[in-house]
Every structure is written in structure tokens, then in C-alpha cells.
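The values are calculated or read from the model by the stated rules, or taken from the named source; none is laboratory data. What you are looking at is a predicted structure, and each value in this text was computed from that prediction instead of being measured. Virtual Cβ from ideal backbone geometry, glycine too; neighbours counted across all protein chains shown.
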Amino acid sequence: MSLRLRLNLLIAVLSLGFLATLTWLQIDSHRSLIQEEIGASHRVTVQMLSTAAQASSVFGPAPSVMLGFLQRLGPVHADEIRLYSADGVVRYSSPSSTFMAGRHAPDWFEALMRPKLEATVIGLQGARIEIIPDASSAIVEAWGSMAAVFLLGLGFVTVLHAVLLLFLRRLLRPTEADARRLVATSQELAENREVMRLIQAGIEDERKRLARELHDELGQSVTAIRLIATSIARSGGAHGRAQGAGKINEIAAGLYDSVHRIVRELRPAILEQPDIAAALVELGREWRVRHPDIELTLALDGDLGDLGEALALAVFRSVQEALTNVLKHAGAVRVRLALTRRDNRLEVAIEDDGSGPAEDLTGSGRGLFGMRERVAALGGSLDAGVRPEGGFSVRIMLPLQGDSS
């Protein structure tokens, strides 16, 4: 969740909380006012009718006198008056007040605001008067007042929220940009750390391989030379010395080939002369010698000279890694290597007929990951995946700078 969204939610919650608090204070105030108003009005009405009831017998039968009085009195604000005969028949009911006539408040609001007042009964000779508190007009008036205040407060809060959002948008724009840059930088650092980890792991693997090569080939060859030299020293015959010298020469030649091969792997000839075609032909020749059970087909198309050291080295190392993956993981019988120059780009394809992918397709493996990083550094792209007809393929596209073709 972004900082701007968090602040927006905080402002919205505070605004709604303020509006809810204001509304509740208004409800509590109006409820107290209605309670006091209806209670006072009811007391006045009861006192007036009590006095009239006491004096009614002077002017004639109390029920008739009070009926005439109530009819002349008409509607009474905040009270409903009913006159009952001795047998319980309603002889008079005061008309409804015209104040706020035709307007209504919601039922929940009426239930919340209605005052808790009991009806008052005044007894007469042969009749009784019932005075019932009626707060409907006051409640409707309070509802209208509160609705106006609520809408005004809602409008104020909306405008305030919009202004604050606009202000925060301007205020936080640099901060959000910095945050995005920080996230991007953190991701780049994480990726760089992963690259460095893979590079270090690759260096360590290469050191182990070189140590194994030196121990297995150079160490054994040097040991053999020492043994033959010792044997020559002990045997004094010319024939033995000649055989020993020939054996030493044979071992030395093999030792030279081993050292030469290791040097080529560490520093291929392509670094001295950027001829990628010649380097790949030599790589194919060595592959066929060392892995005769896997058929390697090489296809070269276009002018592949003068590509530049960086581009040629990227292609050479990527092909080396792809072939190593085939050897380690694919279980292939046939491998096809194609290098094509088309207009302003160089295309490389390594395809095999193995039983599965040469490496994890997510690119989390060190081989594909390293190839992707190497190719991406030159503005190129790498796609790897399982072939529909079976096997695995790696396709590389590299742009050519300053193409002269």
C-alpha cells in the first residue's frame, strides 16, 4: 500500500469520524431539547385543563362545559387531548397541529428522539380528560434541522478532503518518485548480488576443474617423467636411455597438448583475433574428438568476420555454456549449432534432441542466467525452451553496431 493511499485512508477515516461525532452531538442536543420542550408544554396544558375542569361545574354539567371549552381551544402544540364519557366513548379528540404538517421523519429517528413522558388523566364528574404528549412536530423539525447540518458538514468534509488530497499529491510527488527509485535500486542491488554470487560460484567451479585437470594430466605426466628419468639414471645401457628418451618425448608432447588445451579454454584464440567462425569450427572439432557419441552439426551463414571482441566473445562463451548444458543435462544424441548474420543482427541457435530441458527454464540455473546477463549487457535477448518435436533449444539475438555489410 502506497504512502499516498495510506494518508488518503487516514484522512477519510478522520473526516468520517468528525462527521459522525458532530451528528451524534446534534442528536443528543436535539433529544434533550425535545424532552424539555414537550415536558414543559405538557405541564402547562395539564395545569390549564385542571383549572378549567375545576371551574366547569359552576357553568353546568362538567362534560358539556369541557366539551365546549376544548372545541373552542382547538389544537394544542405538543399534546393530544381526548375527552371520554363515563362509558368510555370518545366525545372529543383534539385536531392535529398544522405545524410541520405533511412532513415526516424516519421511523428510526422518531424512536431515537421520542421523549419518555406518560399521559396525564384528569377526572371529571361523569367524564375524564386524557392528555397525551405528542412530540411528532418537534421531531420533524429536529430532523429537518439535523439533515441540513449533516449535508452542510458532509459538503465541508468532502471539499476539505479533496483539498487535502490535492495538497498531498503535490507534496508527496517527489517522495513517491524517490520511493520508486529506491525500490528499483534495491531490486538492481538484489540482482547484482545474485549475479556476483553466481560469478563467484562459477569462478570456484572453474578453479576446481582446473585443479582436477592439472592433477589428473600434468601431475601424472610429471610423475611419469620422473620415474622414467630415475630408470634411465639407474640403467646404464644406451638402448634403455633411447627408449626412456622416446617415452619422455611422448609424455612431454601429451603434456604440451594438455597445457595448450587448458590455455585455449582460459584464453581462447578469439580474444587475440575476433574471428568467431574459426573459433566455432575449432570448438566443434574439439567437441567431436572429446564426445564422439554426440553428433554436432555446425552451420555458419553470412559475413561473420570483424564482429568486435565483445560480441564475438559473448557468442563464443554462450555457445560453450549451451554445449556444456547439453552434455550435462540433456542426454542428447544430436546437437545443431547455427550462427547467422542478418542485416543488423546476429542470430545464434543451439538445438538438441535430448529427453528434457538442458537447464531450468526459469533461468535460475547458473548457465542460462549467466548467458542472459552476458547477452543483455550487449543489448541482446535470449530465449530458451523445449522444442515441439522434442529436445531443447537456446536462441540468442545480438544487435550489430556499425554494420558495414
Fill in the blank from the handout: Checked pairs for the range 101-128, first within 14 Å of residue 81 (Cα to Cα), second of a type in the set (D, E, K, R) and at pLDDT 85 or above, C-beta under 6 Å and 6 or more apart or across chains, list as 119/130; 121/128; 121/130
Problem - The lone exception for residue 139 - which of (1) surrounded by 15 or more Cβ atoms within 10 Å (Cβ to Cβ); (2) farther than 30 Å from residue 83 by Cα; (3) at pLDDT 80 or above; (4) of a type in the set (A, V, I, L, M, F, W, C) it fails - result: (2)
Problem - Single unsatisfied condition, residue 21 versus (1) of a type in the set (S, T, N, Q); (2) more than 30 Å from residue 168 (Cα to Cα); (3) in a helix (DSSP H, G or I) - result: (2)
Handout entry: Pick from the range 328-356, criterion of a type in the set (Lys, Arg) and over 41 Å from the mean Cα position of the chain (by Cα), ranking: farthest from residue 302 (Cα to Cα)
Key = 334
Practice task
With the condition kept exactly as written, say whether any residue in the range 121-128 is of a type in the set (Lys, Arg), over 22 Å from residue 20 (Cβ atoms) and modelled with pLDDT of 85 or more.
Solution key: yes
Handout entry: Selection status of residue 38, touching a residue at least 40 places away in the same chain (Cβ under 8 Å), closer than 30 Å to residue 83 by Cα and aliphatic (A, V, I, L, M)
Key = yes
Fill in the blank from the handout: Selection over the range 279-315 where residues are surrounded by fewer than 18 Cβ atoms within 10 Å (Cβ to Cβ), small (Gly, Ala, Ser) and modelled with pLDDT under 85 yields a count of 4
Handout entry: Positions within the range 49-67 being surrounded by fewer than 14 Cβ atoms within 10 Å (Cβ to Cβ) and either without any contact (Cβ under 8 Å) to a residue 24 or more places away in the chain or at positive phi (or both), in sequence order
Key = 51, 54, 55, 58, 59, 60
